[in-house]
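The values are calculated or read from the model by the stated rules, or taken from the named source; none is laboratory data. Note that the structure is a prediction, hence the values are computed from the model and not measured. Heads up, the Cβs are rebuilt from the backbone with ideal geometry, glycines too, and the neighbour counts pull from every protein chain shown.
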């Protein structure tokens, strides 16, 4: 009458692994990567809820030191404006003097380009003013400022 | 770990060596693969929650090249200093300082004042002069306040020395 007490059980983990793979597939398909940014920017906050368009965007980035970068979202356009060797870079540092000419070139190739200013919150207003002057001279009267959504 | 369990049935070998029943059973331990799957899952879970929505401020149409004659009484001038002191005046009145101990309070007072003045005069145009040494965030905050109060007729102009002198005297 020896009761063979078997302690120890085998747990089949197949369902758990199935769920894990399903979750993985879901996240792999729904992940959207942030577009590469050319410089580290801390954005100011605003109450605006307007969304950034994801195509035909020309970004003028101003970092907190006052450096100005021009970025384009299409690789072809980058190759045309900055040269083939720079087409993989998200944006190029430019001098304010050349900004107007480069923007004009970009807009000639794609007239639907929307101008966007992405400035660091600590950037001196003077640089932004200069950028807006260039935009005015290039007859770009409509542009947007990139901000983070303000949570009250 | 993975191991191969080869069980060869020693069948009747009467037909020479033609019949070789080789039954191979392979057992693979899938632990490393599941580990990798979980690692990938963790990576994706963490990276999807990190993308903060970047929103844009409403379009600013600065069409400064057209100089429209504006009556003084319809012009409200705002002057912002690097210390975020806001001076306002209508026409050629003497500029007054917006009350508030800190930036937030001043913005709230500014909003109230703007709403008042615009309600009183529907043709009011706001002229904004921000000192070059002020920060970009100051400009964004002013714009934000204007947008919150539905003020669409405004113009950004550079601050000149005569503005600075005017403020210093106060």
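For the stretch B:100-110, the candidate set comprises residues that are surrounded by 13 or more Cβ atoms within 10 Å (Cβ to Cβ) and at negative phi; within that set, the residue that is modelled with the lowest pLDDT is B:103. For the stretch B:15-31, the criterion of a residue being within 14 Å of chain A (Cβ to nearest Cβ), outside any loop (DSSP other than H, G, I, E, B), modelled with pLDDT under 85 and surrounded by fewer than 11 Cβ atoms within 10 Å (Cβ to Cβ) is satisfied by no position. Determine whether residue B:145 is at pLDDT 85 or above and crowded, with 18+ Cβ neighbours inside 10 Å. Answer is yes for this residue. Considering only residues that are at pLDDT below 85 and crowded, with 18+ Cβ neighbours inside 10 Å, which ones fall in the stretch A:16-40? Matches in the stretch A:16-40: A:38, A:39. Helices (runs of 4 or more DSSP H) fully within the stretch A:55-152 that include at least 3 residues being at negative phi, free of Cβ contacts under 8 Å to residues at least 24 places away in the same chain and within 14 Å of chain B (Cβ to nearest Cβ): A:125-137. Inspect all residues belonging to the stretch A:117-127 and state whether any of them is under 19 Å from residue A:56 (Cβ atoms) and under 21 Å from the mean Cα position of the chain (by Cα). Yes, some residue in the stretch A:117-127 is under 19 Å from residue A:56 (Cβ atoms) and under 21 Å from the mean Cα position of the chain (by Cα). The helices (runs of 4 or more DSSP H) found entirely in the stretch B:67-170 that carry 1 or more residues being within 27 Å of residue A:117 (Cβ to Cβ) and in contact with a helix residue (DSSP H, G or I) (Cβ under 6 Å, 6 or more places away or on another chain) are B:103-120, B:136-148.
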